[in-house]
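Peer 1: Okay, here's the structure, questions in a sec.
No lab work stands behind these numbers, since they all come straight from the coordinates. Keep in mind that what you see is a predicted model, and the values were worked out from it rather than measured. FYI the Cβ positions are ideal-geometry reconstructions off the backbone, even for glycines, and counts take in every protein chain you see.
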Amino acid sequence: MQISACTPSACAVRFAATRTLRPRHAPSATLLQARPPLHRARHRHGAGQVHAEGGNQLERVIKLGNSYAETASSLIPDSVPRPLAKAGVLGLTGVVSLWLLNKVVSTALTVAVLAGAVFLWYKVSSGGDSDEGGSSSNGAYDDSDDPLSSAKRIMDKYK
């Protein structure tokens, strides 16, 4: 780090040269300049442009992945050939990412199954008093609660 030696008089001259002299009551030039509009029009992309940007992003991701693979393969000793080191790094990355994906999906499915079991337990334990399904105590449908006969009654009603 270099520190420039500056005498007080030289610093004062340099400071004075950088300042613009103007009266205090005069408006500054930035206030007189036209200001940009507050609400800028949104730039709308066409469908082709969005598709092209998506392809551009894919190229960026591939380039970023290659740079990460190169960086990680540089950590491997030079006795290992670079293509083999790069393939090993990519293979290890794939294995670790699939392992993490497996853990996440497994956890999500476990939570979903447990939530379903708790829901069924709740429905069975709270719904035992009411006869919601239209079935009698022995499990057979009564004629008055048969869905087909009830639909026929409604259709006959509006004939």
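Peer 1: What list of ³J(HN,Hα) couplings, whole Hz, do you get for the stretch 118-124 from phi and the Karplus terms 6.51, -1.76, 1.60, once you set θ to phi - 60° and write x for glycine and proline?
Peer 2: For the stretch 118-124, the Karplus curve yields 5, 5, 5, 4, 5, 5, 5 Hz.
Peer 1: Express in nm, to one decimal, how much length is gained between VAL104 and ASN66 on full extension, taking 0.36 nm for each residue of separation and deducting their alpha carbon distance.
Peer 2: Result: 11.1 nm gained on full extension.
Peer 1: On to the next question. Round to the nearest 0.05 the FRET efficiency obtained for LEU75 and ALA112 when R0 = 35 Å and r is the Cβ-Cβ distance.
Peer 2: Efficiency computed from Cβ-Cβ geometry: 0.30.
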